[in-house]
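Working notes for the structure below.
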Amino acid sequence: MKQTFSEEMNIQDEWYKEADTMTMDKLPAFLDHIMNDYNHDYGTICHAITAGGLATMHALDRSDAGGITGFQAGCIMWQFIRKWNYSSNKSGLRIVDYDDFLYPQYDYKFNKTLSSDIWEAIKREAAAKIKEADAEHEKFLKDLSQYQIDVAAYISKFPDYPTNPEKYEHLSCGTGAEWEQEAIKEKSGFEFAPRKPYDGAYGNSVYQHWQSIVNGVVPFGYRVSKEDD
């Protein structure tokens with residue numbers, strides 16, 4: 001019978017201890033235990049996946065091909081972070097260890113500086129986003145012209161649309177009951193009003209921020225470090 005537990009029971013602490021000593025021969029049974037012997041909830045499944053991942057990495061490191069160095073461990077950590085949660089990142093990542101605030105010799109770690117390669121990557125990404133926003137804006141202008149034609153035709157069929165838009169427009173947010181009614185209207189073949197096109201980021205504060213970056217303005221009080229910083 002599966003066990004039910006909560007994070008407060010701290011069963012996961014034993015998993016992490018066992019994960020640290022994992023070997024390839026013990027790994028399958030360990031993974032089966034933490035996944036199949038418990039009824040997991042929203043929090044405990046996170047511990048199970050974390051413990052399972054750590055156990056797998058420790059077991060692989062204890063295999064004949066293992067025995068990695070500290071440098072390799074750092075590479076693996078960054079690979080994992082990127083592949084797991086930041087696969088779309090293009091400009092770089094940074095981890096801040098705030099324990100270093102306790103030691104004055106680490107003041108350089110908290111300087112508001114960017115390396116030149118990170119800054120160039122940020123500028124490239126800002127330029128790419130501007131290009132995407134410009135293309136979206138061109139499409140928006142075409143779609144807007146068609147929308148104005150379509151909405152005029154719609155009003156000719158449903159004259160009360162301008163004064164009673166909520167009756168005819170698609171629901172953008174609402175309660176569960178309201179979404180059920182929306183689904184019923186769609187299935188019935190109800191003719192909704194044309195959707196007004198969206199202009200994306202063109203010209204807004206985010207777009208202006210990207211343009212400032214492309215122009216070479218380093219934001220947020222940062223500076224680009226010199227090679228000897």
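What follows draws every value from the coordinates through simple rules; no lab data is involved. As the structure is a prediction and not an experimental result, all values here were calculated from the model. Neighbour counts run over all protein chains shown; Cβ positions are idealised from the backbone, glycine included.
Take the Cβ atoms of Ser63 and Leu171, set R0 to 35 Å, and the FRET efficiency comes out at 0.05.
Here the chain is treated with +1 on each Lys and Arg Cβ and -1 on each Asp and Glu Cβ, and its dipole about the Cα centre works out to around 840 debye.
Highest mobility in the GNM of the chain, judged by mean-square fluctuation with C-alpha springs under 10 Å and restricted to Arg62, Arg82, Arg124, is found for Arg62.
Ranking of Val206, Val96, Val224 by neighbouring Cβ atoms within 10 Å, starting from the fewest: Val96, Val206, Val224. Ranking Met77, Asn89, Tyr154 by Cα position along the charge dipole of the chain, where only Lys, Arg, Asp and Glu carry charges on their C-beta atoms, puts Tyr154 farthest toward the positive end. Annotation: lysines with alpha-carbon distance below 21 angstrom to Lys109 (same-chain offsets under eight excluded): Lys226. The aspartates and glutamates whose alpha-carbon is closer than 17 Å to the alpha-carbon of Lys142, local same-chain residues fewer than 8 away aside, are Glu132, Asp134, Asp150, Asp199. Spin-label model, Ser156 to Ala135: label points 7 Å out along the Cα-to-beta-carbon direction sit 3.5 nm apart. Multiplying the residue separation of Met24 and Thr56 by 0.36 nm and subtracting their alpha-carbon distance yields 10.7 nm. For Arg124 and Trp78, a Förster radius of 22 Å and the Cβ-Cβ distance give a FRET efficiency of 0.60, rounded to the nearest 0.05. Our summary of shape: the Cα atoms of region 3-68 have principal axis extents of 37, 17, 16 Å, ordered from largest down, in whole angstrom. Give me log10 I(q)/I(0) at q = 0.18 Å⁻¹ for the chain, Debye formula, one equal scatterer per alpha-carbon, no solvent. Each listed q maps to, in turn, -1.25. With both labels modelled 7 Å from their Cα along Cα-to-Cβ, the Arg94 to Val217 distance reads 2.0 nm.
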